[in-house]
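Here is the structure we will look at.
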Amino acid sequence: MMNRQVRLVSRPSGIATADNFMLSEVAIKPLDDGQILVKNAFLSVDPAMRGWIADAPNYSEQVALGSVMRAVATGYVVESRHPAFQPGDAVLGWFGWQNYAVVGTAAVLRKISETELSLSLGLLGYSGATAYLALTTIGQPLAGETVVVSTAAGSVGSAAGQIAHILGCRTIGLTGGPAKVEACRTDFGYDHALDYQASDWTADLADLCVDGVNVYFDNTCGTISDVVNRHLALRARVIVCGTAAIDRWDPWPEGPRRERQLLVRRARMEDFVIFDHEEKVEAAIDQLRIWHRAGTLRSREDIVDGIEACPDAIAAVYRGENIGKRLIRLK
């Protein structure tokens with residue numbers, strides 16, 4: 001059997017492009033004791049992947065040049081030399097951008113329901129858990145407070161806005177383009193949605209936030225966050241979850257100083273990385289599943305087909321092409 005893989009061949013200077021990857025085909029090796037062979041069904045595409053391959057310090061170990069691109073994926077066990085796994089089991093794990101993965105059980109995150117093959121990479125996976133845990137542990141929103149979310153139509157942002165709404169908050173989503181604004185309003189239930197590409201969005205945000213922003217779920221940083229931070233309420237909480245608006249870190253980007261605003265408003269700014277909270281992920285997903293089955297928490301998946309879509313996938317996310325969770329479906 002042959003396996004098609006996507007390998008990292010060079011490090012990007014900014015946002016990764018297709019040129020940083022190559023498709024290769026290799027024979028699948030026989031299994032050793034304790035290993036399983038997984039046929040991938042869905043591959044995850046995440047903004048965080050940019051940091052995993054960049055030539056800059058990151059919270060995660062760099063993906064080595066020449067190796068298969070690191071990624072969470074779901075699929076089916078087709079062969080097993082481990083007693084805990086049987087052919088046909090649906091599994092979630094660090095299987096990488098490839099059609100098949102030969103892995104030890106340390107790479108498996110958990111067995112999953114066959115009905116959650118795609119959801120386990122989005123709403124019922126790290127994306128949803130990030131939204132829930134970052135919002136509840138750092139944001140700690142109270143009913144009636146105003147919560148602003150950037151990249152509000154993305155996989156994390158769309159969940160964060162809905163969770164804030166479930167908790168009784170007033171929600172404002174910031175996103176790019178009319179289609180995403182409409183999705184924020186109709187699919188994700190934001191009370192207000194603003195297009196940060198429009199010339200009047202800063203004035204509209206000021207009108208909506210006369211009493212201040214209590215929680216800012218920041219997936220962008222950059223100039224968008226510079227605007228939001230002017231409107232922080234007393235004792236506001238800012239969650240730093242992503243830096244999508246910064247295309248490179250060399251030279252180091254300099255911008256407006258926030259310290260005075262944080263001091264005057266007695267606000268708190270704290271980062272969130274899901275891998276620091278692994279012990280809480282399963283319980284978070286259990287809660288998200290309850291809301292999803294009740295119809296109060298919706299998921300939108302943006303699926304493209306074929307492993308050939310992988311090399312350009314990170315760039316496509318940073319171009320803003322997806323609404324909801326971007327996935328690659330394999331046949």
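From the P(r) of region 99-140, can you give the percent of Cα pairs sitting at distances over 17 Å?
Above the 17 Å cut-off, region 99-140 has 50 percent of its Cα pairs.
Order the following by accessible area, largest value first: Ile163, Ile323. Probe radius 1.4 Å; ligands, DNA and RNA are ignored.
Largest to smallest exposure gives the sequence Ile323, Ile163.
Taking the solvent-accessible surface of protein heavy atoms with a 1.4 Å probe, what is the per residue accessible area of region 107-223 in Å²?
Here the residues of region 107-223 average 33 Å² of exposed surface.
Return the tail of the calculated pair distribution for region 269-331, meaning the percent of Cα-Cα pairs more than 14 Å apart.
71
Please list log₁₀ I(q)/I(0) at q = 0.10, 0.13, 0.20 Å⁻¹ for region 1-154, using the Debye equation with identical point scatterers on the alpha-carbon positions.
With one equal scatterer per Cα and no solvent, log10 I(q)/I(0) is -0.44, -0.70, -1.28.
Expressed as a fraction of 2.2 N^0.38 Å, the rule-of-thumb size for a compact globular protein of N residues, what is the C-alpha radius of gyration of the chain?
1.01
Tell me the mean residue ellipticity at 222 nm calculated for the chain from its helices only (DSSP H runs of n ≥ 4, each -39500 (n - 2.57), averaged over every residue, nearest 500).
Here the helix-only value at 222 nm equals -6500 deg cm²/dmol.
Across 5 Å bins from the origin, how do the percents of Cα pairs in region 216-301 run, short distances first?
Here the calculated profile for region 216-301 is 3, 11, 16, 17, 16, 15, 12, 7, 2, 0.
Determine how large the accessible area of Ile285 is when every protein chain is in place; take a 1.4 Å probe and give Å² rounded to the nearest 10.
The value for Ile285 is about 10 Å².
Could you let me know the centre-to-centre spacing of region 142-212 and region 265-281, using Cα atoms, in angstrom?
Cα centroid to Cα centroid, the span is 21 Å.
Largest first, what is the accessible-area ranking of His277, His165 with a 1.4 Å probe?
These residues rank, largest area first, as His165, His277.
What is the antiparallel percent of DSSP beta bridges lying wholly in the chain, to the nearest 5?
55
Out of Val26, Met269, His192, whose Cα points farthest toward the positive end of the dipole of the chain (charges: +1 Lys, Arg; -1 Asp, Glu; placed on Cβ)?
Met269
For the chain, which DSSP H helices look membrane-span-like by this rule: Cα extent along the axis of 24 Å or more and mean Kyte-Doolittle of at least -1.0?
278-294
Counting only other residues whose beta carbon sits under 9 Å from that of Val91, what net charge do I get with K and R as +1, D and E as -1?
Neighbour charge sum, excluding Val91 itself: +1.
Quick one: dipole size for region 1-150, taken about the Cα centre, charges +1 on Lys/Arg Cβ and -1 on Asp/Glu Cβ, in debye to the nearest 20.
180
Might you work out the accessible area of Glu116 for me, using a 1.4 Å probe with all protein chains in place, and round it to the nearest 10 Å²?
Number for this one is 20 Å².
Check cross-link reach from Lys325 to the lysines: straight Cα distance under 19 Å, and skip same-chain residues fewer than eight apart.
Here the lysines satisfying the reach criterion relative to Lys325 are Lys180.
Carbon and sulfur atoms: what percent of the 1.4 Å accessible area of region 204-331 do they account for?
Accessible surface attributable to carbon and sulfur in region 204-331 totals 49 percent.
Take peptides 89-96, 312-319 and line them up by average Cβ neighbours within 10 Å, highest first, as a rough protection proxy.
The packing order, highest mean first, is 89-96, 312-319.
The values are calculated or read from the model by the stated rules, or taken from the named source; none is laboratory data. These numbers were taken from a predicted model, which means no experiment stands behind them. Every residue, glycine as well, gets a Cβ built from its backbone with ideal geometry; the counts of neighbours run over all protein chains shown. Heads up: the accessible areas ignore ligands, DNA and RNA and are worked out on the full protein's heavy atoms, side chains in. Shrake-Rupley method; radii C 1.70, N 1.55, O 1.52, S 1.80 Å.
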